[in-house]
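Reviewing the structure listed below.
Read-outs throughout are calculated quantities, based only on the coordinates presented, and are distinct from any laboratory measurement. Because the structure is predicted, anything quoted here is derived from the model rather than measured. All Cβ positions, even for glycine, are placed from backbone atoms using ideal geometry, and neighbour counts span all protein chains on display.
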Amino acid sequence: MPNFHPMYSDSETTVKALKELLVEFRDERDWSQFHDPKNLAEAISIEASELLELFLWKSPEASAQELESNEKFRKAVEEELADIFCFCLNFANAVGIDVATVVAKKIADNRRKYPTEKARGKATKYDSL
């Protein structure tokens with residue numbers, strides 16, 4: 001796999017570095033012409049559906065067990081998750097979104113919507129807590 005560096009890891013790699021890696025990959029192929037917000041949003045949705053399809057008709061327990069014991073299944077899940085992240089970061093690049101900023105803001109907003117004392121252990125929407 002050319003240009004793959006085994007030292008890429010969550011603990012060592014910044015969001016910026018991943019975004020730059022994707023820009024480099026895109027530009028080497030002259031694909032920026034296809035990376036408009038509409039197409040990238042569609043791609044995110046399509047790839048998310050492909051991830052979801054891997055779990056179709058499996059119970060939560062069977063899904064967890066298969067992730068642990070079936071290397072082919074786990075690799076397929078990893079590939080779909082990577083596709084989703086790549087398209088999300090490509091989208092952020094295309095529209096100038098700082099991912100770390102918007103994720104941290106979203107968590108802060110959700111802390112207000114879902115206060116621990118009301119939301120702990122519940123899968124209830126904030127307006128029904």
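Within the range 67-91, count every residue that is of a type outside the set (Phe, Trp, Tyr), free of Cβ contacts under 8 Å to residues at least 60 places away in the same chain and closer than 17 Å to ASN39 by Cα. Within the range 67-91, residues that are of a type outside the set (Phe, Trp, Tyr), free of Cβ contacts under 8 Å to residues at least 60 places away in the same chain and closer than 17 Å to ASN39 by Cα number 3. Of the residues that make up the range 54-77, is at least one within 14 Å of the chain's Cα centre (by Cα) and part of a helix (DSSP H, G or I)? Yes - at least one qualifying residue is present in the range 54-77. Would a scan of the range 20-30 turn up a residue that is under 15 Å from VAL77 (Cα atoms), surrounded by 11 or more Cβ atoms within 10 Å (Cβ to Cβ) and of a type in the set (Val, Ile, Thr)? No, because not a single residue in the range 20-30 is under 15 Å from VAL77 (Cα atoms), surrounded by 11 or more Cβ atoms within 10 Å (Cβ to Cβ) and of a type in the set (Val, Ile, Thr). For the range 92-129, a tally of residues being under 30 Å from PHE34 (Cβ atoms) and part of a loop (DSSP other than H, G, I, E, B) returns 3. For the range 95-129, a residue qualifies if it is exposed (fewer than 10 other Cβ atoms within 10 Å of the Cβ) and aromatic (Phe, Trp, Tyr), but none of them does. Somewhere in the range 56-64, is a residue out of contact with any Asp or Glu (no Cβ under 8 Å at 6 or more places or on another chain), farther than 19 Å from THR14 by Cβ and hydroxyl-bearing (Ser, Thr, Tyr)? Yes: the range 56-64 contains one or more residues that are out of contact with any Asp or Glu (no Cβ under 8 Å at 6 or more places or on another chain), farther than 19 Å from THR14 by Cβ and hydroxyl-bearing (Ser, Thr, Tyr).
The residues on offer are ALA64, ALA41, and the sole one that is touching a helix residue (DSSP H, G or I) at 6+ places or on another chain (Cβ under 8 Å) and either free of Cβ contacts under 8 Å to residues at least 60 places away in the same chain or among the β-branched types (Val, Ile, Thr) (or both) is ALA41.
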